[in-house]
Amino acid sequence: MPTQKVAPDSSRRSETARRAILAAAFDLVGELGYAKLSIEGIAAAAGVGKQTIYRWWPSKGALLFDAFLALTTDGGQDGRGGALPDTGDLAADLKLVLRAIVDELNDPRYDQPMRALHTEIVHDPALAADYAQRLDGPMRELKKERLRAARRAGQLAGDVDLDVAVDLLFGPVLNRWLQRTGPLTPEYTDQVVDTALRGLRPATTDDGRR
(Lines give C-alpha, C1' and ligand atoms only; values in the text may rest on other atoms or scores of the structure.)
Protein backbone atom coordinates (compact mmCIF):
# COMPACT_ATOMS: atom_id res chain seq x y z
CA MET A 1 0.00 0.00 0.00
CA PRO A 2 1.51 3.37 -0.98
CA THR A 3 2.33 5.76 1.82
CA GLN A 4 -0.13 8.66 2.01
CA LYS A 5 1.56 12.00 1.52
CA VAL A 6 0.89 14.64 4.15
CA ALA A 7 0.14 18.08 2.76
CA PRO A 8 2.40 20.84 4.08
CA ASP A 9 0.96 22.90 6.91
CA SER A 10 0.37 26.08 4.93
CA SER A 11 -0.99 27.99 7.89
CA ARG A 12 2.16 27.30 9.88
CA ARG A 13 4.35 28.36 6.97
CA SER A 14 2.26 31.50 6.50
CA GLU A 15 2.66 32.44 10.15
CA THR A 16 6.40 31.81 9.99
CA ALA A 17 6.66 34.03 6.92
CA ARG A 18 4.52 36.70 8.55
CA ARG A 19 6.73 36.81 11.63
CA ALA A 20 9.85 36.95 9.49
CA ILE A 21 8.43 39.90 7.53
CA LEU A 22 7.46 41.80 10.67
CA ALA A 23 10.86 41.26 12.28
CA ALA A 24 12.65 42.31 9.09
CA ALA A 25 10.58 45.49 8.78
CA PHE A 26 11.24 46.47 12.38
CA ASP A 27 14.97 45.78 12.14
CA LEU A 28 15.44 47.49 8.79
CA VAL A 29 13.65 50.69 9.71
CA GLY A 30 15.97 50.95 12.69
CA GLU A 31 19.03 50.45 10.49
CA LEU A 32 18.03 52.45 7.40
CA GLY A 33 15.38 54.89 8.52
CA TYR A 34 11.85 55.02 7.16
CA ALA A 35 12.71 56.93 3.97
CA LYS A 36 15.04 54.15 2.79
CA LEU A 37 12.83 51.30 3.96
CA SER A 38 11.36 49.43 0.98
CA ILE A 39 9.07 46.48 0.42
CA GLU A 40 11.79 44.96 -1.76
CA GLY A 41 14.34 45.22 1.05
CA ILE A 42 11.95 43.75 3.60
CA ALA A 43 11.10 40.86 1.29
CA ALA A 44 14.75 40.08 0.69
CA ALA A 45 15.57 40.19 4.41
CA ALA A 46 12.59 37.99 5.27
CA GLY A 47 13.23 35.53 2.44
CA VAL A 48 9.81 35.97 0.83
CA GLY A 49 8.47 37.41 -2.40
CA LYS A 50 7.15 40.97 -2.66
CA GLN A 51 3.68 39.70 -3.53
CA THR A 52 3.49 37.91 -0.20
CA ILE A 53 3.89 41.25 1.56
CA TYR A 54 1.47 43.06 -0.73
CA ARG A 55 -1.12 40.34 -0.15
CA TRP A 56 -1.12 41.01 3.60
CA TRP A 57 -0.43 44.75 3.93
CA PRO A 58 -1.75 47.67 1.85
CA SER A 59 1.17 49.97 2.59
CA LYS A 60 4.61 50.23 4.13
CA GLY A 61 3.10 52.14 7.05
CA ALA A 62 0.54 49.42 7.76
CA LEU A 63 3.32 46.82 7.74
CA LEU A 64 5.43 48.87 10.14
CA PHE A 65 2.45 49.28 12.47
CA ASP A 66 1.92 45.53 12.62
CA ALA A 67 5.65 45.05 13.17
CA PHE A 68 5.52 47.49 16.06
CA LEU A 69 2.53 45.71 17.60
CA ALA A 70 4.09 42.29 17.15
CA LEU A 71 7.22 43.22 19.07
CA THR A 72 5.77 45.50 21.74
CA THR A 73 2.37 44.08 22.67
CA ASP A 74 1.05 40.73 23.79
CA GLY A 75 0.62 38.62 20.69
CA GLY A 76 0.83 41.59 18.35
CA GLN A 77 -2.91 41.67 17.78
CA ASP A 78 -3.99 44.89 19.48
CA GLY A 79 -3.19 47.27 22.27
CA ARG A 80 -5.03 45.39 25.00
CA GLY A 81 -2.46 44.63 27.63
CA GLY A 82 -3.00 44.36 31.35
CA ALA A 83 -4.73 47.05 33.32
CA LEU A 84 -2.70 49.86 34.82
CA PRO A 85 -1.48 49.14 38.35
CA ASP A 86 -3.86 50.07 41.15
CA THR A 87 -2.17 50.11 44.55
CA GLY A 88 -4.50 52.81 45.84
CA ASP A 89 -1.77 55.42 45.37
CA LEU A 90 -2.67 57.10 42.07
CA ALA A 91 0.45 59.24 41.85
CA ALA A 92 2.78 56.31 42.46
CA ASP A 93 0.94 54.14 39.94
CA LEU A 94 1.05 56.80 37.23
CA LYS A 95 4.73 57.50 37.85
CA LEU A 96 5.48 53.79 37.49
CA VAL A 97 3.65 53.61 34.15
CA LEU A 98 5.19 56.79 32.77
CA ARG A 99 8.68 55.71 33.76
CA ALA A 100 8.15 52.46 31.85
CA ILE A 101 6.99 54.45 28.81
CA VAL A 102 10.08 56.64 29.03
CA ASP A 103 12.31 53.57 29.20
CA GLU A 104 10.77 52.33 25.95
CA LEU A 105 10.99 55.70 24.22
CA ASN A 106 14.65 55.97 25.21
CA ASP A 107 15.45 52.49 23.90
CA PRO A 108 17.46 52.92 20.66
CA ARG A 109 15.88 49.82 19.16
CA TYR A 110 12.38 51.29 19.39
CA ASP A 111 13.09 54.98 18.85
CA GLN A 112 13.41 55.03 15.05
CA PRO A 113 10.51 52.63 14.31
CA MET A 114 8.19 54.57 16.60
CA ARG A 115 9.16 57.91 15.08
CA ALA A 116 8.60 56.51 11.59
CA LEU A 117 5.21 55.16 12.62
CA HIS A 118 4.09 58.50 14.08
CA THR A 119 5.26 60.34 10.97
CA GLU A 120 3.33 57.98 8.71
CA ILE A 121 0.19 58.29 10.83
CA VAL A 122 0.20 62.05 10.18
CA HIS A 123 0.11 61.50 6.41
CA ASP A 124 -2.04 58.35 6.14
CA PRO A 125 -5.65 58.71 7.37
CA ALA A 126 -6.33 54.98 6.98
CA LEU A 127 -3.31 54.11 9.09
CA ALA A 128 -4.31 56.75 11.65
CA ALA A 129 -7.76 55.17 11.96
CA ASP A 130 -6.24 51.70 12.33
CA TYR A 131 -3.84 53.00 14.99
CA ALA A 132 -6.69 54.62 16.90
CA GLN A 133 -8.80 51.47 16.79
CA ARG A 134 -6.17 48.86 17.56
CA LEU A 135 -3.69 50.60 19.84
CA ASP A 136 -4.43 54.14 21.00
CA GLY A 137 -8.12 53.55 21.75
CA PRO A 138 -7.67 50.39 23.85
CA MET A 139 -4.70 51.89 25.70
CA ARG A 140 -6.62 55.10 26.37
CA GLU A 141 -9.49 53.10 27.80
CA LEU A 142 -7.13 51.30 30.20
CA LYS A 143 -5.79 54.66 31.38
CA LYS A 144 -9.31 56.04 31.82
CA GLU A 145 -10.36 52.99 33.79
CA ARG A 146 -7.55 53.61 36.29
CA LEU A 147 -8.64 57.24 36.57
CA ARG A 148 -12.27 56.16 37.08
CA ALA A 149 -11.15 54.06 40.03
CA ALA A 150 -9.31 57.09 41.43
CA ARG A 151 -12.39 59.23 40.95
CA ARG A 152 -14.55 56.68 42.78
CA ALA A 153 -12.02 56.77 45.61
CA GLY A 154 -12.33 60.56 45.81
CA GLN A 155 -8.79 61.15 44.53
CA LEU A 156 -10.00 63.08 41.47
CA ALA A 157 -12.69 65.70 41.16
CA GLY A 158 -16.03 64.25 40.15
CA ASP A 159 -16.39 66.50 37.11
CA VAL A 160 -12.96 65.75 35.62
CA ASP A 161 -13.07 64.97 31.89
CA LEU A 162 -11.11 61.72 31.75
CA ASP A 163 -10.00 62.16 28.14
CA VAL A 164 -8.52 65.54 29.00
CA ALA A 165 -6.93 64.04 32.11
CA VAL A 166 -5.24 61.34 30.03
CA ASP A 167 -3.89 64.01 27.68
CA LEU A 168 -2.57 66.06 30.62
CA LEU A 169 -0.78 63.08 32.12
CA PHE A 170 0.59 61.30 29.07
CA GLY A 171 0.73 64.00 26.40
CA PRO A 172 3.73 65.93 27.72
CA VAL A 173 5.99 62.88 27.63
CA LEU A 174 5.07 62.01 24.04
CA ASN A 175 5.38 65.65 22.97
CA ARG A 176 8.85 66.03 24.50
CA TRP A 177 9.96 62.80 22.84
CA LEU A 178 8.55 63.68 19.40
CA GLN A 179 9.94 67.22 19.34
CA ARG A 180 13.15 66.46 21.26
CA THR A 181 12.56 69.50 23.45
CA GLY A 182 14.28 68.06 26.49
CA PRO A 183 15.52 64.89 28.15
CA LEU A 184 13.09 62.15 29.14
CA THR A 185 13.97 61.26 32.70
CA PRO A 186 12.20 59.74 35.71
CA GLU A 187 12.37 63.14 37.37
CA TYR A 188 10.50 64.70 34.45
CA THR A 189 7.73 62.09 34.53
CA ASP A 190 7.31 62.59 38.27
CA GLN A 191 6.96 66.35 37.74
CA VAL A 192 4.35 65.78 35.04
CA VAL A 193 2.27 63.56 37.34
CA ASP A 194 2.55 65.86 40.35
CA THR A 195 1.69 68.95 38.33
CA ALA A 196 -1.28 67.35 36.56
CA LEU A 197 -2.74 65.83 39.70
CA ARG A 198 -2.67 69.15 41.54
CA GLY A 199 -5.16 70.43 38.99
CA LEU A 200 -7.26 67.25 38.87
CA ARG A 201 -7.79 66.70 42.59
CA PRO A 202 -11.03 67.79 44.29
CA ALA A 203 -11.02 71.31 45.61
CA THR A 204 -10.67 71.72 49.38
CA THR A 205 -12.05 74.28 51.78
CA ASP A 206 -9.96 76.37 54.11
CA ASP A 207 -10.32 73.76 56.84
CA GLY A 208 -9.11 71.03 54.51
CA ARG A 209 -12.52 69.48 53.74
CA ARG A 210 -13.48 68.55 50.18
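The values are calculated or read from the model by the stated rules, or taken from the named source; none is laboratory data. As the structure is a computational prediction, the values presented were derived from the model and not from experiment. FYI the Cβ positions are ideal-geometry reconstructions off the backbone, even for glycines, and counts take in every protein chain you see. Areas reflect the complete protein model, heavy atoms only, side chains present, ligands, DNA and RNA absent. Shrake-Rupley method; radii C 1.70, N 1.55, O 1.52, S 1.80 Å.
What is the sum of charges, Lys and Arg at +1 and Asp and Glu at -1, for the other residues whose Cβ falls under 14 Å from the Cβ of residue 35? Local net charge: +1.
GNM, the chain, Cα, under 10 Å: largest mean-square fluctuation among 11, 59, 38? Top of the fluctuation ranking is 11. At a probe radius of 1.4 angstrom, the accessible area of the range 30-148 per residue rounds to 52 square angstrom. Rolled with a 1.4 Å probe across the full set of protein chains, the surface gives residue 31 an accessible area near 140 Å². Among 51, 179, 133, which one shows the highest mean-square fluctuation when the chain is modelled as a Gaussian network with alpha-carbon springs under 10 Å? Of 51, 179, 133, the most mobile in the Gaussian network model is 179.
Rounded to the nearest 500, the helix-only mean residue ellipticity at 222 nm of the chain stands at -21500 deg cm²/dmol, with each DSSP H run of n ≥ 4 adding -39,500 (n - 2.57).
Accessible surface of the chain, 1.4 Å probe: 52 percent of it comes from carbon and sulfur atoms.
Taking all protein chains together and a 1.4 Å probe, the residues 42, 121 rank 121, 42 from largest to smallest accessible area. Take every Cα pair under 8 Å whose residues are at least 6 apart in sequence, average their separation, divide by the length of the chain, and the relative contact order is 19 percent.
Can you compute log10 of I(q)/I(0) for the chain with the Debye formula, treating each Cα as one identical point scatterer, at q = 0.10, 0.16 Å⁻¹? Reported log10 I(q)/I(0), two decimals: -0.55, -1.09. Please compute the net charge surrounding residue 189, taking Lys and Arg as +1 and Asp and Glu as -1 over other residues with Cβ under 14 Å from its Cβ. That works out to -3. Computing FRET efficiency as 1/(1 + (r/R0)^6) for residue 15 and residue 44, where r is the C-beta to C-beta distance and R0 is 30 Å, gives about 0.90.
The calculated FRET efficiency for the pair residue 136 and residue 175, based on their C-beta separation and a Förster distance of 25 Å, comes to about 0.95.
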